[in-house]
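The numbers here are math on the coordinates, done by the rules we state, and not lab data. Worth saying up front: this structure is predicted, and the values here are computed from it rather than measured. Methodologically, a virtual Cβ is constructed for each residue, glycine included, from the backbone with ideal geometry; neighbour enumeration extends over all protein chains shown.
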């Protein structure tokens, strides 16, 4: 069971109801076990954070970053976040909004490849 800060639950619910265009496009491709039969969840609280997409079976987190993630302060925060999630055993994939919108198939393929490799190791 994942532990998370209880105050994040309402924020996660709000984020699920207000996905960015890129998040919505990717969610349409990840939902209902479309990628390798793996269940993904969106806007999932983990620890002190809310991750964009989470696949518990393969311990995979997928983040979709807007342009503000290029800022030095935000980039540092993202690095700390990745390190935290990786210490918990998660693989973290990051894509920027433009990449998701312009190269959706390539993004989904990378997620598929990562989840398939992890799924094989679990067997």
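Per-structure values
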{"quantity": "Chain lengthening between residue 41 and residue 112 when straightened (0.36 nm per residue, less Cα-Cα)", "calculated": "24.0 nm"}
{"quantity": "Rounded if a/c under 1.5, otherwise prolate or oblate - the stretch 10-64, Cα gyration tensor axes", "calculated": "oblate"}
{"quantity": "Sequence of 114, 36 once ranked by neighbouring C-beta atoms within 10 Å, starting from the fewest", "calculated": "36, 114"}
{"quantity": "Whole-number percent relative contact order across the chain, with pairs defined as alpha carbons under 8 Å at least 6 apart", "calculated": "26 percent"}
{"quantity": "Cα-based shape type of the chain, given that a ≥ b ≥ c are square roots of the gyration tensor eigenvalues and the cut on a/c is 1.5", "calculated": "rounded"}
{"quantity": "Sites residue 31 and residue 80 - FRET efficiency at Förster radius 25 Å, r taken between beta-carbons, to 0.05", "calculated": "0.30"}
{"quantity": "Helical mean residue ellipticity (222 nm; -39500 (n - 2.57) per DSSP H run of 4+; nearest 500) of the chain", "calculated": "-15000 deg cm²/dmol"}
{"quantity": "For the chain, built as a Gaussian network whose Cα springs stay under 10 Å, the top-fluctuating residue of 106, 22, 12", "calculated": "106"}
{"quantity": "Antiparallel DSSP beta bridges within the chain, as percent of all bridges there, nearest 5", "calculated": "55 percent"}
